[in-house]
Amino acid sequence: MEDELLSIKDAALRFGVKYDRLRRAAYDGRLITTDNLVTPAEVERFLREGRPRLTVGPRREGDPMGKIVAIALVKGGVAKSTTTLNLAAALTERGLRVLMIDTDHQCSLTFALGVRPKSSDENLYTVIHRYITDYEPTLEQAIVRTNIGADLVPASIRLSTMEDELLHATQRELVLKSLLAPVVRRYDVILIDTPPANNHLVRAALVAADQVILPMEADSVSLESLALTLANIHRMRRPGLNPDLRIAGVLLTRVQAQTNFHREVMDVLQSDFGDQARLFSTQIKNSVRIRESLASHQSILTYEPKGPGATAYRALAEEVLHELGE
Ligand SMILES: Nc1ncnc2c1ncn2[C@@H]1O[C@H](COP(=O)(O)OP(=O)(O)OP(=O)(O)O)[C@@H](O)[C@H]1O
Ligand SMILES: [Mg+2]
């Protein structure tokens, strides 16, 4: 019976597995349940695959939107890569076609997705290197499908040498825009994760993007980084580069308790930056579950589908789509 629902205890009995195994899987999102009831098909899938179901919604109809969003802030550790991964998962869950580009030689996004390219595999380094040598845009060759249902162009540690290579390249700011041009209309949203820097690659990401998301923590270093990043964005708006670059919003991440200091930072964001960048209403709370989900190569949407982290990233996706005019 297709719609049959079993309690977890009955499912364990029926499939001859330990109750605790199913209960734990239901708790951490690997087994999808509704009100603690589960379909036999979902139990079979879990026992076969042992990992979460891909939360891929029905494909959005019509032409892909072809929007490019960079995730940037010069400060490290503010959840740029975490936000890229979970926002990609939330957009994919809505049926959108999503591509992530990892431009950071630390490869955090690539590794968090469980992608471990061999040195002979195509990656962002190989395609940029080829492009600045013979102007062939071969980004497509490096695209891989990930376990969150979105595609990825993986990074490589060799991107650490890219700054020197780009130094002598003509029109280096346009390199990502040119590489993305042949694939942009195949995706609804392309998310570019950037390193904590203001280097050629970050500037190339800002030139390729329609919009930027600025993740930050509620601290004074993040505020200073925000000012620097806004100045970089301003510079990339020069004619010939990206005059139409828009800021989707500032995203507060890893939010702890709403202390007085947190409120002070919010006030500064409003008074000093309010005219340049809006604050997303969604905030991402500090969460051990988000950290755990990354360590197990999942999005928070499958790791804890009904938890606050998943809810927040779904709400962020809603806000971002609104900013993109969808
Ligand atoms: N909401 C959260 N709650 C708790 N920990 C988080 C949260 N979001 C991210 N983290 C953790 O914070 C660390 C930094 O996150 P992440 O790598 O996404 O930041 P980043 O801005 O991409 O860093 P970098 O600038 O080095 O690329 C990671 O260990 C990640 O697991
Ligand atoms: Mg990162």
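The values are calculated or read from the model by the stated rules, or taken from the named source; none is laboratory data. Only a predicted model underlies this, so the values are computations on that prediction, with no experimental measurement involved. So basically every Cβ, Gly included, is an ideal-geometry build from the backbone, and we count neighbours across all protein chains shown. Just the protein is used for accessible areas: all its heavy atoms, side chains included, with ligands, DNA and RNA removed. Shrake-Rupley method; radii C 1.70, N 1.55, O 1.52, S 1.80 Å.
Per-structure values
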read-out: Unique residue being out of contact with any Ser or Thr (no Cβ under 8 Å at 6 or more places or on another chain) and either open to solvent by 10 Å² or more (accessible area, probe 1.4 Å) or within 16 Å of ligand 1 (Cβ to nearest atom) (or both) when the list is GLU93, GLU122, GLU136; value: GLU136
read-out: Whichever residue in segment 6-25 is surrounded by 14 or more Cβ atoms within 10 Å (Cβ to Cβ) and either among the acidic types (Asp, Glu) or under 34 Å from the mean Cα position of the chain (by Cα) (or both) and, among such residues, is modelled with the lowest pLDDT; value: ALA25
read-out: Failed item, numbered, when THR82 is tested on (1) open to solvent by 10 Å² or more (accessible area, probe 1.4 Å); (2) of a type outside the set (Phe, Trp, Tyr); (3) assigned to a loop (DSSP other than H, G, I, E, B); (4) within 16 Å of ligand 1 (Cβ to nearest atom); value: (3)
read-out: Near pairs, Cβ below 9 angstrom, 6+ apart or cross-chain, from segment 281-292 (under 12 Å from ALA310 (Cα atoms)) to any residue that is within 16 Å of ligand 2 (Cβ to nearest atom) and open to solvent by 70 Å² or more (accessible area, probe 1.4 Å); value: ILE284/ARG254; LYS285/ARG254; SER287/ARG254; ILE290/ARG254
read-out: Residue, surrounded by the fewest Cβ atoms within 10 Å (Cβ to Cβ), within segment 154-181, restricted to residues that are more than 16 Å from ligand 1 (Cβ to nearest atom) and of a type in the set (Val, Ile, Thr); value: THR170
read-out: Those residues of segment 135-162 which are hydrophobic (A, V, I, L, M, F, W, C) and assigned to a strand (DSSP E or B), in sequence order; value: VAL144, LEU152, VAL153
read-out: SER281 being buried (at least 17 other Cβ atoms within 10 Å of the Cβ) and out of contact with any strand residue (DSSP E or B) (no Cβ under 8 Å at 6 or more places or on another chain); value: no
read-out: Qualifying position, being within 19 Å of ALA181 (Cα to Cα), in contact (Cβ under 8 Å) with a residue 24 or more places away in the chain and in a helix (DSSP H, G or I), among ILE132, ILE68; value: ILE132
read-out: Selected residue (criterion: nearest to ligand 2 (Cβ to nearest atom)) from residues of segment 97-116 that are surrounded by fewer than 18 Cβ atoms within 10 Å (Cβ to Cβ) and without any contact (Cβ under 8 Å) to a residue 60 or more places away in the chain; value: PHE111
read-out: Failed condition for HIS129, given (1) open to solvent by 10 Å² or more (accessible area, probe 1.4 Å); (2) within 23 Å of VAL78 (Cα to Cα); value: (2)
